1. Mind checking which of Met223, Met122, Met193 has the largest fluctuation in a GNM of the chain, springs on alpha carbons under 10 Å?
2. Comparing Ala80, Ala125, Ala164, which has the greatest mean-square fluctuation in the GNM of the chain with Cα pairs linked when under 10 Å apart?
3. Mind giving me the FRET efficiency for Ser27 and His83? R0 is 41 Å, r the Cβ-Cβ distance, nearest 0.05 is fine.
4. With springs only between Cα atoms under 10 Å apart, run a GNM on the chain and tell me which of Gly26, Gly226, Gly153 wobbles the most.
5. So if R0 is 22 Å, what FRET efficiency would Asp195 and Ala115 give, r being the distance between their Cβ atoms, rounded to the nearest 0.05?
Amino acid sequence: MKSANEEHASTSEPVIKVEGLRKSFGSHVVLKDIDFTVMPGEVVTIIGASGSGKSTLLRCINLLEIPDAGHVWFHGKDLAAQHVDVNKLREKIGMVFQGFNLFNNMNVLDNCTLAPVTLKKMDKAEAESVAMGHLRSVGLEEFAKADVNTLSGGQKQRVAIARALCMRPDLMLFDEPTSALDPEIVGEVLGVMRDLAKDGMTMVVVTHEMDFAKNVSDKVVFMDQGVIAEEGSPKQMFTSPKHPRTREFLSRYL
Ligand code: ADP
Ligand code: MG
């Protein structure tokens, strides 16, 4: 049993802490000096114009990109440290992309059980039972045996979310999860994400869905040309943004 103090200490430690993060592609400096913290259970949305570095920041958080400088700590472990098993840590970080990235030659259930069985060595029957639970929570239980190719975009993205959850992540990263969807089905994916947030999942969400940022997130981060120009509560960001670039950006959504 942990003491109350230890319990408290472990819950007040950031899930992700980024400090002094820099990343360039050739001579193009894409992330200039990023400090960024996500606490347990927090939902952080990242907004900003195309090209401002949002995806690169997410990709540095799970080391799909290697930073040029700075640190990324995940539960206090420096991801750049030599002895850290990046693959093991990455299993605890779920990622959902704009383009779904499902295995199109497999059915829905096999998409969900592949990583738990191969990476986590989970028993197939247990992996299937976990997957069915997540498919139920995203409203796709009856599609378990369906071919991925037969699904709509919204259904594919809900499968992608369920699949990520099957790895029991501590953190979920979403990179414009609804940008490839027809407007009328954006809501079904945002609904699933809202449920996940309500369940206490720690989430970082790059999005242009300002209603989601406003109503679901705890913190809004505005990126502009490789820096975090401003961050704050949704209320502060949407009612009294301080930075002129934030004001200009948000005015496009009014
Ligand atoms: P956002 O997600 O905010 O649209 P990105 O992080 O995707 O921005 O990109 C930021 C900048 O970095 C863009 O100018 C983009 O062209 C550039 N960039 C991103 N990835 C690469 C890459 N792998 N190679 C070269 N340039 C890249
Ligand atoms: Mg992007």
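1. Its mean-square fluctuation being the largest, the pick is Met122.
2. Judging by the Gaussian network model, the answer is Ala125.
3. Approximately 0.80, to the nearest 0.05.
4. Gly26
5. According to the calculation, E is roughly 0.50.
Coordinate-derived values only; no laboratory data. Everything numeric in this text was worked out from a predicted model, so none of it was measured. We place every Cβ from the backbone using ideal geometry, glycine too, and count neighbours over all the protein chains shown.
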